[in-house]
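**Q** One structure, pasted below without further comment.
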Amino acid sequence: MFDVIIVGCGVAGVASAYEFASNGVRVCLLDVGYQSGEEKNIEENFYAYGAQNDSFGLTIGCNFEGLYNLDASHKPIPAKLCAPNMDFVIQKAGELGPVRGKNFSAVQSFAKGGLANAWGAGLYRYTENELDGFPLQLAELNPYYDKLTGLIGICGQEDDLAFSFGSAADLQRPLRLSRNAAILHRHYQRKREKFNRQGVFVGRPRLGILTEDKDGRAACDYSNLEFWQANLPYIYTPAMTLDQMIADSQVDYRPNILVTAWRREKDDIVIHGKDLAENRMVEFRCKYLVLAAGPINTAKIVLQTKRDFQSRLSLLDNPCLIFPIIFPSQTGRALETDSFGLTQLNIIWDRAIQDRIVQGSILEVTSPARAEFFASMPLAARDNLRLIKYMLPAMLALQVFFPADMCSVNALSLCSDGTLEIEADDERIDKQAISKIIRTVRQLGGWCFPRIVVHNPKGYGIHYAGTLPMRSIPSGNYECNPYGELFGEPNVFVVDGSVFPRLPAKNYSFTVMANAMRIAGYIIDKIRMN
Ligand SMILES: Cc1cc2nc3c(=O)[nH]c(=O)nc-3n(C[C@H](O)[C@H](O)[C@H](O)COP(=O)(O)OP(=O)(O)OC[C@H]3O[C@@H](n4cnc5c(N)ncnc54)[C@H](O)[C@@H]3O)c2cc1C
């Protein structure tokens with residue numbers, strides 16, 4: 001019998017466990033928990049390694065995972081998840097969490113640490129405005145944002161984006177800009193006032209990436225390995241905190257458990273699951289159940305508990321577009337082999353696109369595989385390869401997130417065979433918004449045009465939310481109170497993105513973590529009162 005059981009060990013589960021542990025409450029964590037297998041890790045620069053070694057195992061893999069997106073017979077997946085070293089992140093996702101997507105591609109993880117093993121670690125505070133519609137105030141999250149900043153080690157600085165990114169206290173210095181990102185930044189600084197008058201702001205990102213050594217983890221070495229290697233010491237992942245808590249005996253971690261549902265016996269909550277290692281059904285008993293399996297799987301556990309095959313829950317995600325940016329003057333230059341391969345800068349359109357706040361990340365393209373660009377090039381195979389060689393050194397990519405409500409809401413339901421159905425319509429971000437973004441790119445010295453904009457499938461924002469929203473006064477089986485407690489289910493708490501009633505255009509994981517800790521704090525108070 002446990003006081004508290006947490007289901008799932010992604011950002012939400014680990015952040016709540018961390019808050020329990022720091023208050024001396026030892027929790028049990030149930031998780032499927034796949035981990036990276038045979039280590040194919042390298043410890044030098046990606047390009048230096050490639051020049052001396054056969055990098056087939058690192059980039060392509062014995063199952064040709066690295067070329068996955070070149071095969072038109074299956075759905076594309078986000079580039080980073082194709083890397084052989086990242087395959088554990090989505091291991092058996094289709095088998096353990098079958099989803100029938102109509103116009104929606106769900107990305108799920110059953111790994112220890114969840115999807116964040118592959119993330120870009122963009123960690124952004126919400127503003128008071130962005131919490132509009134949430135039954136809580138920014139002041140309730142701020143202490144947890146601060147605590148997480150100390151735990152994780154976040155880089156960034158006080159600059160033109162501070163109005164949206166909030167306090168810069170305790171940040172490490174920003175990463176060194178790549179050559180192309182520096183060109184773009186210079187263009188912004190030269191015409192900064194004009195941009196700002198148009199509602200366009202550019203600045204450094206807030207990333208869970210170390211630029212200074214911290215707690216035994218080494219700072220970013222600009223090795224360009226970000227796409228290829230999990231467990232890089234300078235990229236924070238929740239698995240790091242989890243491993244530390246396990247090593248310090250602060251939590252009871254139970255991997256290989258797929259939770260399916262719960263039932264009540266008097267005051268106890270009895271959790272049902274399957275031990276995947278021993279292939280048998282298991283039960284666990286607790287007073288407080290904390291659901292953190294990611295919004296898709298948390299919704300599934302709730303629907304399975306209620307044996308509800310009728311209800312359609314709303315599922316939010318940020319619509320997302322990728323704008324390739326080309327700097328013609330850089331074409332044919334040598335590729336910059338020692339840059340940071342993920343987010344370099346952020347752009348915010350502050351009520352400048354359909355009166356909404358829209359956020360973009362300028363990404364370096366020196367780290368992903370050339371295969372990722374191959375299919376988008378217009379020539380025959382051999383000429384495409386040459387073109388990529390000359391174009392890549394002149395390119396950046398702009399990934400733009402839009403608020404979830406700029407497209408219609410998706411619907412999630414459970415079928416009687418255990419499959420989830422997620423349905424989206426084919427509504428797209430409209431042309432005017434795209435034109436506005438392309439105009440900004442051109443003003444920033446880059447080149448882009450509508451035909452090369454990549455429309456990601458719905459579901460590729462990977463900021464899933466809104467299935468079990470928090471309300472001031474919840475009603476119905478699928479709403480939570482302001483502390484994530486599920487309506488009609490005392491002591492069952494939801495701490496992942498499921499509880500977000502809306503989704504602004506900003507990477508949401510930092511707020512998921514802070515909110516999970518806030519809810520853990522509430523449960524700790526309840527435990528102490530009893
Ligand atoms: C390539 C990539 C880049 C990203 N970049 C960013 C970024 O820069 N910033 C950002 O904010 N977000 C980013 N994201 C999104 C972010 O990683 C996820 O939204 C976030 O990690 C979700 O965390 P979670 O805890 O809700 O769930 P998950 O990460 O999905 O974790 C779910 C956990 O629950 C467990 N689990 C699931 N079902 C069960 C079950 N039935 N029984 C037991 N255990 C279960 C799993 O094993 C896992 O431990 C990125 C994602 C990807 C893939």
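The values are calculated or read from the model by the stated rules, or taken from the named source; none is laboratory data. In this text the structure is predicted, and so the values were computed from the model without any measurement. Please note: Cβ atoms are built from the backbone with ideal geometry, for glycine as well, and neighbour counts cover all protein chains shown.
**Q** What residue, among those in region 98-110 that are in contact with a Lys or Arg (Cβ under 7 Å, 6 or more places away or on another chain) and within 13 Å of the ligand (Cβ to nearest atom), is nearest to Leu414 (Cα to Cα)? So that I can check it myself, show each step before the final result.
**A** First pass over region 98-110, keeping only residues in contact with a Lys or Arg (Cβ under 7 Å, 6 or more places away or on another chain): 103-105, 110.
Right, trim to within 13 Å of the ligand (Cβ to nearest atom) and you get 105, 110.
On the way: Ser105: 16, Phe110: 19 Å.
Of everything passing the filter in region 98-110, Ser105 is nearest to Leu414 (Cα to Cα).
**Q** Going by what's in this entry, would Val202 be described as farther than 21 Å from Gln91 by Cβ, touching a helix residue (DSSP H, G or I) at 6+ places or on another chain (Cβ under 8 Å) and not in a helix (DSSP H, G or I)? Don't jump to the end; show me each part of the working.
**A** Working: farther than 21 Å from Gln91 by Cβ: yes; touching a helix residue (DSSP H, G or I) at 6+ places or on another chain (Cβ under 8 Å): yes; not in a helix (DSSP H, G or I): yes.
Considered against the rule, which asks whether it is farther than 21 Å from Gln91 by Cβ, touching a helix residue (DSSP H, G or I) at 6+ places or on another chain (Cβ under 8 Å) and not in a helix (DSSP H, G or I), Val202 comes out as yes.
**Q** Just to be sure, is Val282 among the β-branched types (Val, Ile, Thr) and free of Cβ contacts under 8 Å to residues at least 40 places away in the same chain?
**A** On the way: among the β-branched types (Val, Ile, Thr): yes; free of Cβ contacts under 8 Å to residues at least 40 places away in the same chain: yes.
It is true that Val282 is among the β-branched types (Val, Ile, Thr) and free of Cβ contacts under 8 Å to residues at least 40 places away in the same chain.
**Q** Taking the criterion of being at pLDDT below 90 and near the ligand (Cβ under 10 Å from one of its atoms), would at least one residue in region 70-78 satisfy it?
**A** Within region 70-78 (the criterion being at pLDDT below 90 and near the ligand (Cβ under 10 Å from one of its atoms)), the answer is yes, since at least one residue qualifies.
**Q** Restricting to region 475-496, give me the number of residues that are farther than 22 Å from Cys320 by Cα and either in contact with a strand residue (DSSP E or B) (Cβ under 6 Å, 6 or more places away or on another chain) or crowded, with 22+ Cβ neighbours inside 10 Å (or both).
**A** So the answer is 11.
**Q** On to the next question. Tell me which residues, restricted to region 79-97, are among the small types (Gly, Ala, Ser) and within 7 Å of the ligand (Cβ to nearest atom). Walk me through how you get there before you give the answer.
**A** Going residue by residue through region 79-97, those that are among the small types (Gly, Ala, Ser) are 79, 83, 93-94, 97.
Scanning region 79-97 gives a single hit, Gly97.
**Q** Taking region 355-369 on its own, how many of its residues are touching a Gly at 6+ places or on another chain (Cβ under 7 Å) and part of a strand (DSSP E or B)?
**A** 2
**Q** Out of Gln172, Gln157, I need the residue that is in contact with a Cys (Cβ under 7 Å, 6 or more places away or on another chain) and of a type outside the set (Lys, Arg). Which one?
**A** Gln172
**Q** Quick test for you: out of Glu44, Glu65, pick the one residue that is touching a Cys at 6+ places or on another chain (Cβ under 9 Å) and charged (D, E, K, R). Even if it seems obvious, please write down each step before you answer.
**A** Details: Glu44 fails: touching a Cys at 6+ places or on another chain (Cβ under 9 Å).
Sole residue among the options that is touching a Cys at 6+ places or on another chain (Cβ under 9 Å) and charged (D, E, K, R): Glu65.
**Q** Among the listed residues Thr337, Thr298, Thr331, identify the single one that is touching an Asp or Glu at 6+ places or on another chain (Cβ under 9 Å) and among the β-branched types (Val, Ile, Thr). I'd like the intermediate steps shown before the answer.
**A** Numbers: Thr337 fails: touching an Asp or Glu at 6+ places or on another chain (Cβ under 9 Å); Thr331 fails: touching an Asp or Glu at 6+ places or on another chain (Cβ under 9 Å).
The unique qualifying residue is Thr298.
**Q** Across region 111-145, what is the number of residues that are part of a helix (DSSP H, G or I), more than 7 Å from the ligand (Cβ to nearest atom), within 20 Å of the chain's Cα centre (by Cα) and not aromatic (Phe, Trp, Tyr)?
**A** Looking only at region 111-145, we keep the residues that are part of a helix (DSSP H, G or I), and these are 114-118, 129-131, 138-145.
So of that shortlist, the ones also more than 7 Å from the ligand (Cβ to nearest atom) come out as 117, 129-131, 138-145.
Pick out the ones that are also within 20 Å of the chain's Cα centre (by Cα) and you get 117, 130-131, 141, 144-145.
Okay, now just the ones that are also not aromatic (Phe, Trp, Tyr), so 117, 130-131, 141.
Final tally of qualifying residues: 4.
**Q** Further question: Out of all the residues in region 314-333, is one or more of a type in the set (Lys, Arg), in contact (Cβ under 8 Å) with a residue 40 or more places away in the chain and assigned to a strand (DSSP E or B)? Break it down stepwise before answering.
**A** Of region 314-333, the ones of a type in the set (Lys, Arg) are 333.
Narrowing the set further to residues that are in contact (Cβ under 8 Å) with a residue 40 or more places away in the chain leaves 333.
Remaining after also requiring assigned to a strand (DSSP E or B): none.
Checked against the condition, which is being of a type in the set (Lys, Arg), in contact (Cβ under 8 Å) with a residue 40 or more places away in the chain and assigned to a strand (DSSP E or B), region 314-333 yields no hits at all.
**Q** Within region 445-472, track down each residue that is of a type in the set (Gly, Ala, Ser), in a loop (DSSP other than H, G, I, E, B) and within 12 Å of the ligand (Cβ to nearest atom). Talk me through it step by step, then tell me what you get.
**A** In the first step, residues of region 445-472 are kept if they are of a type in the set (Gly, Ala, Ser); the result is 445-446, 459, 461, 465-466, 472.
Applying the additional criterion that residues be in a loop (DSSP other than H, G, I, E, B) yields 445-446, 459, 461, 466, 472.
Listed by number, the residues that qualify are Gly459, Gly461.
**Q** In region 493-530, which residues are under 18 Å from the mean Cα position of the chain (by Cα), more than 16 Å from Leu289 (Cα to Cα) and among the hydrophobic types (A, V, I, L, M, F, W, C)?
**A** Phe500, Leu503, Ala505, Phe510, Val512, Met513, Ala514
**Q** What number goes with the only condition from (1) in contact (Cβ under 8 Å) with a residue 60 or more places away in the chain; (2) more than 27 Å from Val512 (Cβ to Cβ) that Gln250 does not pass?
**A** Unmet for Gln250, out of (1) in contact (Cβ under 8 Å) with a residue 60 or more places away in the chain; (2) more than 27 Å from Val512 (Cβ to Cβ): (2).
**Q** To continue, here is another question. Give me the residue from region 325-343 that is among the polar types (S, T, N, Q) and out of contact with any Ser or Thr (no Cβ under 6 Å at 6 or more places or on another chain) and, out of that set, surrounded by the most Cβ atoms within 10 Å (Cβ to Cβ). Working first, answer last.
**A** We begin by selecting, within region 325-343, every residue among the polar types (S, T, N, Q); these are 329-331, 337, 339, 343.
Restricting the remaining residues to those that are out of contact with any Ser or Thr (no Cβ under 6 Å at 6 or more places or on another chain) gives 329-331, 337.
Numbers: Ser329: 10, Gln330: 18, Thr331: 14, Thr337: 16.
Residue satisfying both the conditions and the ranking: Gln330.
**Q** Still on this model: Identify, by number, the condition in (1) within 10 Å of the ligand (Cβ to nearest atom); (2) in contact with a Pro (Cβ under 6 Å, 6 or more places away or on another chain); (3) not aromatic (Phe, Trp, Tyr) that Ala218 doesn't meet.
**A** Checking Ala218 against (1) within 10 Å of the ligand (Cβ to nearest atom); (2) in contact with a Pro (Cβ under 6 Å, 6 or more places away or on another chain); (3) not aromatic (Phe, Trp, Tyr), the one that fails is (1).
**Q** Please specify each residue of region 497-507 satisfying the condition of being surrounded by 24 or more Cβ atoms within 10 Å (Cβ to Cβ) and either of a type in the set (Lys, Arg) or in contact with a Gly (Cβ under 6 Å, 6 or more places away or on another chain) (or both).
**A** Val499, Phe500, Lys506, Asn507
**Q** If I ask for residues that are in a helix (DSSP H, G or I) and among the aromatic types (Phe, Trp, Tyr), which ones from region 505-530 would you list? Working first, answer last.
**A** So the first thing to find is which residues in region 505-530 are in a helix (DSSP H, G or I), and the list is 509-529.
Those that are in a helix (DSSP H, G or I) and among the aromatic types (Phe, Trp, Tyr): Phe510, Tyr522.
**Q** Of the residues Ala261, Ala293, which is small (Gly, Ala, Ser), part of a loop (DSSP other than H, G, I, E, B) and either at positive phi or within 14 Å of the ligand (Cβ to nearest atom) (or both)?
**A** Testing whether each residue is small (Gly, Ala, Ser), part of a loop (DSSP other than H, G, I, E, B) and either at positive phi or within 14 Å of the ligand (Cβ to nearest atom) (or both) leaves just Ala293.
**Q** Hey, can you tell me all the residues within region 81-96 that are surrounded by fewer than 24 Cβ atoms within 10 Å (Cβ to Cβ), under 18 Å from the mean Cα position of the chain (by Cα) and of a type outside the set (A, V, I, L, M)?
**A** If the condition is that a residue be surrounded by fewer than 24 Cβ atoms within 10 Å (Cβ to Cβ), under 18 Å from the mean Cα position of the chain (by Cα) and of a type outside the set (A, V, I, L, M), then Asp87, Phe88, Gln91 are the ones that fit.
**Q** Could you go through region 31-47 and let me know if any residue there is near the ligand (Cβ under 8 Å from one of its atoms), touching a Gly at 6+ places or on another chain (Cβ under 9 Å) and closer than 16 Å to Ile519 by Cα.
**A** Of the residues in region 31-47, the ones near the ligand (Cβ under 8 Å from one of its atoms) are 31-34.
Still in the list and also touching a Gly at 6+ places or on another chain (Cβ under 9 Å): 31-33.
Subset that is closer than 16 Å to Ile519 by Cα: none.
No, region 31-47 contains no residue that is near the ligand (Cβ under 8 Å from one of its atoms), touching a Gly at 6+ places or on another chain (Cβ under 9 Å) and closer than 16 Å to Ile519 by Cα.
Condition check ((1) modelled with pLDDT under 95; (2) part of a strand (DSSP E or B)) across all residues:
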residue	(1), (2)
Lys389	yes, no
Pro393	yes, no
Val400	no, yes
Ser408	yes, no
Ser413	no, yes
Ser416	no, no
Glu427	yes, no
Ile438	no, no
